[in-house]
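This report refers to the structure that appears directly beneath it.
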Amino acid sequence: MQDDGGDRNRRLTRYVVASAEASRLADEAPDFLDQALGVEWYERPGSDVDFAAYVLCRLRRARAGEQGGPVHGDEAVRAALQQVEPDALVWFASRAVSYMDENGFPEAVEPWFAEAEDG
């Protein structure tokens, strides 16, 4: 069966959508991060700081999809973070660590560091 180009066209359409989404998110992410400065996350789930994290995750996925690998998504997130006010970056990093701690990250990686703690 010969490909009529439909599969190729669908792939190209997905690429264009990922590219447009990644570009839009890259432009918006720093503003959302700056807006999240000082916003508490314990009193209200879905706060500005949570939304900023959500946007960064979507940026990561979109750029990784566009460029063909997760490292490109990570680079896009770092580029967005470099545009953020330092205090907003520290605030966001504390939210990320809080989330990781509350969702079992320390227990998940603890076996990797057992020897370091025994020494």
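The values are calculated or read from the model by the stated rules, or taken from the named source; none is laboratory data. If you're wondering where the values come from, they're calculated on a predicted model, not measured in any experiment. When we count neighbours, we look across all protein chains shown, and the Cβ atoms used for this are built from the backbone with ideal geometry, even at glycine. These accessible areas exclude ligands, DNA and RNA; they are computed on the full protein's heavy atoms, side chains included. Shrake-Rupley method; radii C 1.70, N 1.55, O 1.52, S 1.80 Å.
A viscosity of 0.692 mPa s and a temperature of 37 °C, combined with the Kirkwood radius over C-alpha pairs in the Stokes-Einstein formula, give region 34-87 a diffusion coefficient of 275 µm²/s. Loop-located GluC sites (Glu not before Pro) in region 43-87 (DSSP state not H, G, I, E or B) with no more than 14 neighbouring Cβ atoms inside 10 Å: 43.
In this structure, residue 110 and residue 57 have a Cβ-Cβ separation that, at R0 = 22 Å, corresponds to a calculated FRET efficiency of about 0.35. For the pair residue 71 and residue 44 in one chain, pulling the backbone fully straight at 0.36 nm per residue adds 6.5 nm over the alpha carbon distance. As a fraction of the 1.4 Å probe accessible area of region 68-119, surface on carbon and sulfur atoms comes out at 58 percent.
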